[in-house]
Amino acid sequence: MPKLFVQISTLLFILYTFTVQAQDLKEEHVDKNQLDNKTYENEITQAFSLLNGNKPNEAYRIAHKLLKKELDTLSRTNTNLLLGAYFNSKHLIDSSLYYSNQALKHSILIQNDSIKNRVHSIVYNLLAINNKRKGLLTESKKWHYRGFAISQKYKEDNLYYMHLHGLANINKELGDYQNAIKTFKKCLNYEDDAEIIYGSYINLGDIYASLKDYNTSNEFYQKALKLSERHRNFYALAVIKTSLAANYYSQNKIDEAIKLYNEAILLSKDKEYMQLALSARLDIGRIFYDIKQ
């Protein structure tokens, strides 16, 4: 099952809101000689909005053009941050790491400590995600701890829970289920981000399924299902349906399993989640193969 969609979508929303807030802070000091930079800031905000609105290629084109211009420190930092997030969403690890590190490099010159440390926390999350994809779990954990410390110090709740959720995922990957369960349950306290909530429910469902406690697993999946339906997150719905189907098959509830797999296939075809549709078809094929044996 895809593991990072919650981290990515949450990150994109935080990046967009951060850019708007940073622009608002900077506009307090804008004079007539800074109109060109103000125009670039509007373009950067537009690009983040496009990236957050599932139009990544348009966002990339804007950011790529902006890097060729004379930008102030904050605008250059934000543009590199956007490109780091863009390549992260495309799973292009080396490119995402390059632009994330460029954002970190330029952010050192930012005068406002609040903005600087928020940038650092966001970049640390990108570095953590990319190192996790490379299988460098200890390195990933290090970046999450750094971001966690900064966000806690500056009372940035959205960033705090983003890193907390990331740490929980690392513990899960390391097989440290006790700490993963404890940390995911802490994430359930953050009511301002629905995706962190149902992402935590999904991961808790995964953990209990691995422990073969299918009833508890199903309870968490059902909670995630209801929340995802309410927020119309169709990708999450497709993922949850396949997870529930796998549990039902393990519980020898064959008809329920096949029904959910077919629902996931129809939804995935409609929304063009081709990899999910293929995975569900293969799972149905395995069920019929096992029945014949």
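Values in this text are rule-based calculations from the coordinates and carry no lab data. This is a predicted model, so every value here is computed, not measured. Every residue, glycine as well, gets a Cβ built from its backbone with ideal geometry; the counts of neighbours run over all protein chains shown.
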Does region 126-225 come out rounded, prolate or oblate by the C-alpha gyration tensor, with a ≥ b ≥ c the root eigenvalues, rounded set by a/c under 1.5 and, if not, prolate when a/b is larger than b/c and oblate if not?
-> oblate
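Can you sort MET274, MET162 from fewest to most other Cβ atoms within 10 Å of each residue's own Cβ? Mind showing how you got there, number by number?
Values: MET274 10, MET162 30.
Going from sparsest to densest Cβ surroundings: MET274, MET162.
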Cα-only radius of gyration and Dmax that characterise region 33-159, units Å | 14.4, 48
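With 10 angstrom as the radius, rank THR77, THR216 by how many other C-beta atoms surround their C-beta, starting from the fewest. Intermediate results must be reported in sequence, preceding the final value.
Working: THR77 26, THR216 14.
Least crowded to most crowded, the residues run THR216, THR77.
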Helix 274-292 vs. the chain, principal-axis angle (Cα, 0 to 90°, nearest 10) = 20 degrees
Mind pulling the angle between the C-alpha long axis of helix 35-52 and the longest principal axis of the chain? Nearest 10 degrees, somewhere in 0 to 90.
-> 0 degrees
Roughly what would the spin-label model give for THR73 and ARG133, points 7 Å off Cα along C-beta, in nm?
-> 3.0 nm
Given (1) 39, 20, 16; (2) 36, 24, 19; (3) 43, 22, 18, the label whose value is semi-axes √(5λ) of the Cα gyration tensor in Å derived from this model | (1)
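Stretched out fully, how many nm does the piece from HIS231 to LYS142 gain, at 0.36 nm a residue minus the Cα gap?
Numbers: separation 89, 0.36 × 89 = 32.04 nm, distance 3.25 nm.
Residue separation times 0.36 nm, minus the Cα-Cα distance, leaves 28.8 nm.
Taking the Cα centre of region 148-257 as origin, sum charge times position over the Cβ atoms of Lys and Arg (+1) and Asp and Glu (-1), and report the length of that vector in debye to the nearest 20. Could you put the intermediate results ahead of the total?
Numbers: 13 positive and 14 negative charges, 22 e Å.
So the dipole magnitude of region 148-257 works out to roughly 100 debye.
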Find how many whole Å separate the alpha carbon centroid of region 143-200 from the alpha carbon centroid of region 45-66.
-> 27 Å
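Among LEU225, LEU82, which comes first, second and so on when ranked by fewest other beta-carbon atoms within 10 Å?
Numbers: LEU225 21, LEU82 29.
The order, fewest Cβ neighbours first, is LEU225, LEU82.
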Amide H contacts under 5 Å for GLU156, restricted to residues at least 5 apart in sequence or on another chain and with H modeled in the peptide plane, are none
Rounded to the nearest 10 degrees, the helix 93-107 long axis (Cα) sits at an angle to the longest Cα principal axis of the chain of 30 degrees
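For every helix of n ≥ 4 consecutive DSSP H residues, a contribution of -39,500 (n - 2.57) applies; sum these over the chain, divide by its total residues, and give [θ] at 222 nm rounded to the nearest 500 deg cm²/dmol. Write out the running numbers ahead of the final one.
Numbers: 14 runs with 238 residues, N = 293.
The helix-only estimate for the chain comes to -27000 deg cm²/dmol at 222 nm.
Pairs to check: LYS155/LYS223; LYS186/LYS212; LYS132/LYS182. Give those whose C-alpha atoms are more than 26 Å from each other in this structure.
Values: LYS155/LYS223 29 Å; LYS186/LYS212 23 Å; LYS132/LYS182 20 Å.
From LYS155/LYS223; LYS186/LYS212; LYS132/LYS182, over 26 Å: LYS155/LYS223.
Based on the mean of other Cβ atoms within 10 Å per residue, sort peptides 92-98, 167-173, 259-265 so the most packed one is first. Working shown, then result.
Details: 92-98: 16.1, 167-173: 22.1, 259-265: 20.4.
The most tightly packed comes first, giving 167-173, 259-265, 92-98.
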